[in-house]
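Working notes for the structure below.
The values are calculated or read from the model by the stated rules, or taken from the named source; none is laboratory data. Computed from a prediction, not measured in an experiment: that's the story for all the values here. Positions of Cβ are backbone-derived with ideal geometry, glycine not excepted, and every protein chain shown enters the neighbour counts.
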Amino acid sequence: MTQLGRSAVIPTAEVQVTGRWRQLSLLGGTMLVDSTEASLVSSLFPLIRQSLGVSLGALGVLTAASKVVGAFTGPFWVWAAQRWSRKSVLVVATGLWGVWGVAAGFSRNFAQLLVLYTVLAAGYAAAHPIISELIGDLFGGSSRGRAVGVVYGAVSLVSAGVGPLKGQLAGVDDGWRWGLWGIGTFNILLGAALWIWFRDPGRGAAEEQLADLDRATRDAHAKLTRTKALSLLRIRSLVLLLVSRLLSGHLLVGTFGVVFLVDEYGFSTQKASFVLLPFGIGYFLGTLLGGVAADRATRRSPRHGPVAVLQAAQFVFALVAFFGTQFDYGSIAVFSVFFALMGATQGVNPSINRPMVMAITPPELRGAAFALYVSVFEALAWAAFSLGAGFLGDAIGLRSVFLWTLVILMLVNGAFLTLLYRPYADDVARVQNELRARRAHIDERQ
């Protein structure tokens with residue numbers, strides 16, 4: 001790498017976007033809705049199964065359908081945000097879209113629930129790619145890990161507190177319906193809050209090279225084209241991160257964790273739901289620690305630090321998952337400890353991988369990159385794992401499914417990430433040099 005390339009790995013100054021933490025709190029609320037909706041169905045599935053007369057495979061179908069539809073609608077919402085505005089898309093897709101959650105609560109059979117829940121998920125697919133893109137515009141490279149950790153951690157902490165409450169809906173007639181009605185209503189209120197208070201900083205607002213330019217100038221030079229979008233597949237480290245998403249078997253914990261404890265170890269739905277609290281607290285702490293580790297690793301070893309932290313998280317998760325799922329401890333308290341540890345090691349991931357994706361893509365490509373990373377690859381992986389776990393769980397039991405996906409596959413994922421060490425720093429340096437060249441071109445024209 002040239003000397004310029006080495007110096008460009010990390011920006012030399014941190015840009016302070018006005019009101020960034022306040023805006024982040026609004027985005028966190030949007031993420032909370034998406035997380036709560038997904039966990040509600042999984043945690044209360046034993047009730048849905050009894051109410052609608054379906055098998056365990058139905059949970060896999062529900063989860064897979066919601067993720068597959070997101071693989072198509074996620075990129076569409078990113079395109080719409082480029083065509084109109086990110087704020088308006090979030091208001092509609094993750095706010096007013098809550099009417100479909102209310103409608104899903106009135107489902108009289110599984111077919112109706114599947115259709116309405118899938119439509120609901122089609123809107124929620126806008127949240128992750130657009131919010132991740134916005135975080136990259138609100139925070140500079142040396143604080144993105146902390147910002148991602150805070151928003152994901154806060155979401156998981158609130159979800160953890162709500163988790164046992166959702167579990168208590170098991171004691172209410174048609175409790176899962178009340179959950180969907182509540183989430184749908186909260187969605188609509190959140191959409192109104194976004195419309196009133198959220199302020200989009202504009203693309204590239206947190207980049208050292210572009211921050212002092214007015215928004216119109218930045219947007220004019222950050223227009224997304226088809227050629228630029230296709231160039232994403234030429235970023236070697238992004239391709240490796242996409243493949244790693246397909247190997248992320250830990251995604252199953254949140255979807256099947258409660259029903260796993262019910263089916264394999266005989267806990268009631270209400271008691272099993274209590275593991276959601278320690279899991280969420282662990283995830284919260286993991287995101288915060290992961291964010292600090294990501295920023296520190298980036299400063300100390302920009303070439304290898306973030307990759308090493310991400311790789312270590314996969315290996316540690318596999319170890320914890322083995323002891324946390326393959327043995328019957330007969331106590332929900334013991335399982336709660338292991339679920340907390342699994343949550344912590346899983347929570348490290350978004351605080352590391354999201355900033356890595358931001359670092360290797362220019363501002364105008366981040367939305368498209370996260371559409372690929374989250375809406376397409378992560379969604380397809382989640383759908384495949386959930387669908388397979390649902391049907392294989394009926395056939396061979398969820399304990400065996402968890403052994404293969406949470407333990408063995410995660411070890412494979414950790415080993416695979418070794419390939420990321422060489423290209424990652426080169427791709428980060430390329431983006432920084434590109435932004436410097438873009439600024440020089442703008443100055444010449446002015």
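Things worth noting here:
- Of residues in the range 377-399 being buried (at least 22 other Cβ atoms within 10 Å of the Cβ) and not small (Gly, Ala, Ser), the one modelled with the lowest pLDDT: Trp382
- Subset of the range 97-134 (residues that are β-branched (Val, Ile, Thr) and surrounded by fewer than 24 Cβ atoms within 10 Å (Cβ to Cβ)): Val99, Val102, Val115, Thr118, Val119
A quick yes/no check of all residues on (1) modelled with pLDDT of 90 or more; (2) surrounded by 18 or more Cβ atoms within 10 Å (Cβ to Cβ):
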{"position": "Ala313", "(1), (2)": "yes, yes"}
{"position": "Phe317", "(1), (2)": "yes, yes"}
{"position": "Phe323", "(1), (2)": "yes, no"}
{"position": "Gly330", "(1), (2)": "no, no"}
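- Checked against (1) farther than 16 Å from Ile183 by Cα; (2) surrounded by fewer than 21 Cβ atoms within 10 Å (Cβ to Cβ), Lys67 meets all criteria but (2).
- Test for Leu276: is it in contact (Cβ under 8 Å) with a residue 40 or more places away in the chain and more than 17 Å from the chain's Cα centre (by Cα): yes
- Scanning the range 247-270 turns up one or more residues that are over 26 Å from Leu47 (Cβ atoms), under 17 Å from the mean Cα position of the chain (by Cα) and part of a loop (DSSP other than H, G, I, E, B).
- Condition met for Ala222 (at pLDDT below 85, in contact with a Lys or Arg (Cβ under 6 Å, 6 or more places away or on another chain) and either surrounded by 18 or more Cβ atoms within 10 Å (Cβ to Cβ) or of a type in the set (Ser, Thr, Tyr) (or both)): yes
- Scan of the range 50-78 for residues that are part of a helix (DSSP H, G or I), out of contact with any helix residue (DSSP H, G or I) (no Cβ under 7 Å at 6 or more places or on another chain) and more than 28 Å from Leu190 (Cβ to Cβ), ordered by number: Gln50
- Qualifying residues in the range 336-369 (those that are in a helix (DSSP H, G or I) and polar (S, T, N, Q)) - the one surrounded by the fewest Cβ atoms within 10 Å (Cβ to Cβ): Ser336
- Any hit, the range 409-430, residues being more than 22 Å from Val253 (Cβ to Cβ) and of a type in the set (S, T, N, Q): yes
- Scanning the range 410-436 for residues that are polar (S, T, N, Q) and surrounded by fewer than 23 Cβ atoms within 10 Å (Cβ to Cβ) yields Thr418, Asn433.
- When each of Phe274, Phe279 is tested for being in a helix (DSSP H, G or I), buried (at least 23 other Cβ atoms within 10 Å of the Cβ) and out of contact with any His (no Cβ under 9 Å at 6 or more places or on another chain), the lone residue that passes is Phe279.
- Within the range 400-409, one or more residues are part of a helix (DSSP H, G or I), surrounded by fewer than 23 Cβ atoms within 10 Å (Cβ to Cβ) and among the aromatic types (Phe, Trp, Tyr).
- Pairs with Cβ under 7 Å, 6+ apart, first in the range 248-268 and in contact (Cβ under 8 Å) with a residue 24 or more places away in the chain and closer than 16 Å to Gly57 by Cα, second among the basic types (Lys, Arg) and in a helix (DSSP H, G or I): Glu264/Arg399
- Options Gly191, Gly202; residue that is buried (at least 19 other Cβ atoms within 10 Å of the Cβ) and either modelled with pLDDT under 85 or over 24 Å from Ser375 (Cα atoms) (or both): Gly202
- Among residues of the range 70-85, those that are buried (at least 24 other Cβ atoms within 10 Å of the Cβ) and of a type in the set (D, E, K, R), counted: 0
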